[in-house]
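J.: My questions all concern the structure below.
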Amino acid sequence: MKPKAHFIAPELLNPTNPIEVCLIGAGGTGSQVLAALARMSHSLQALGHAGFQVSVWDDDIITEANRGRQLFAECEVGLSKAVTLITRCNRFFGTGWKAVNKKFGSPSGQAKAAIYISCVDTAAARFEIAEVLKEAAGGSLYANAPRYWMDFGNGKDSGQAILSTIGKVKQPKSEKFETVESLPFVTEEFGELLRQSDSDDLPSCSIAEALEKQDLFINSALAQTGCSLLWQLFRNGFTIGRGCFLNLAEFRAVPLPL
């Protein structure tokens, strides 16, 4: 029996222009994912790839409780998370990435991208994103047709990073692998679990209170794990897994196979 593999959408391997990436959420995980995307884009460009063009969607502002778990300075408290992070990233890497100080899915506009990455706090937000992406499915092979959705989610000291396809991605013939053209949305496969675990926690008022809700390193550990999957997809052209469940309290990682 041949092992399963998913091959990246062919137009993303050697694009003429940078690939549009939409990052939804610039909090504990999103801020870490943005830094990883910048490193990944820079490295891909060094290998002859066009890299990424990222837009960050978040309507939140920086509070004192965000400092510590998130890389914000005292002088940045009160500023837009998205604008602050993108400005810092552009200055450091020389990119021209964009900040959108709005909630994703707002009536004022949508983002068109090949890859969507969500780092949101609630199941309700994930289901809203899923509805937007379902409407975006079915594009042709034009540049930046919606292809992938990677969702990050976590509790206090555990979480997951899961890759999905937006519609079906045409696969090449392979003698070595059984190719998989469609990866289900996290809201379809784990919808009931998401609803059960959802909560409407109020914002934390202090760093100590924030650390009671989410451990110091769960966000960065998840970001590195999920972005490593994306890196392998671009570097190797295929993946044999589509995510990972991570538990830092038990130092345990469980891969999610195709």
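The values are calculated or read from the model by the stated rules, or taken from the named source; none is laboratory data. Just so it is clear, the structure is predicted and the values come from calculations on it, not from any experiment. Here Cβ is always computed from backbone atoms with ideal geometry, including for glycine, and neighbour counts include all displayed protein chains. In case anyone asks, the SASA skips ligands and DNA or RNA and just uses the protein heavy atoms, side chains included. Shrake-Rupley method; radii C 1.70, N 1.55, O 1.52, S 1.80 Å.
J.: Can you tell me which condition S106 does not meet? The list is (1) farther than 18 Å from A145 by Cα; (2) modelled with pLDDT of 90 or more; (3) open to solvent by less than 30 Å² (accessible area, probe 1.4 Å), and all the others hold.
T.: Failed condition: (2).
J.: What tally of residues in segment 132-144 results from selecting those that are assigned to a loop (DSSP other than H, G, I, E, B) and modelled with pLDDT of 90 or more? So that I can check it myself, show each step before the final result.
T.: First, the residues of segment 132-144 that are assigned to a loop (DSSP other than H, G, I, E, B): 137-144.
If we keep only those that are modelled with pLDDT of 90 or more as well, we get none.
The total comes to 0.
J.: Return only the number of the condition from (1) open to solvent by 70 Å² or more (accessible area, probe 1.4 Å); (2) among the hydrophobic types (A, V, I, L, M, F, W, C); (3) within 24 Å of S158 (Cα to Cα) that L23 does not satisfy.
T.: (1)
J.: Confirm whether L183 is open to solvent by less than 20 Å² (accessible area, probe 1.4 Å), in a strand (DSSP E or B), within 28 Å of H49 (Cβ to Cβ) and at pLDDT 90 or above. Before the answer, list the steps.
T.: Working: open to solvent by less than 20 Å² (accessible area, probe 1.4 Å): yes; in a strand (DSSP E or B): no; within 28 Å of H49 (Cβ to Cβ): yes; at pLDDT 90 or above: yes.
The answer is no for L183.
J.: Now a separate question. Looking only at segment 153-166, how many residues end up being out of contact with any Asp or Glu (no Cβ under 9 Å at 6 or more places or on another chain) and closer than 21 Å to A137 by Cβ?
T.: Of the residues in that region, 1 qualify.
J.: Consider A111 against the criteria (1) assigned to a strand (DSSP E or B); (2) modelled with pLDDT under 95: it satisfies all of them except one. Which criterion is unmet?
T.: (1)
J.: Considering only segment 226-254, state which residues are within 24 Å of G51 (Cβ to Cβ), open to solvent by 70 Å² or more (accessible area, probe 1.4 Å) and touching a strand residue (DSSP E or B) at 6+ places or on another chain (Cβ under 8 Å).
T.: Q232
So that you can scan it fast, the table gives a plain yes or no per residue for (1) at pLDDT below 95; (2) part of a strand (DSSP E or B); (3) crowded, with 20+ Cβ neighbours inside 10 Å; (4) under 20 Å from the mean Cα position of the chain (by Cα):
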site: L163; (1), (2), (3), (4): no, yes, yes, yes
site: E188; (1), (2), (3), (4): yes, no, no, yes
site: P203; (1), (2), (3), (4): yes, no, no, no
site: N219; (1), (2), (3), (4): yes, no, yes, yes
site: Q224; (1), (2), (3), (4): no, no, no, yes
site: L256; (1), (2), (3), (4): no, yes, no, yes
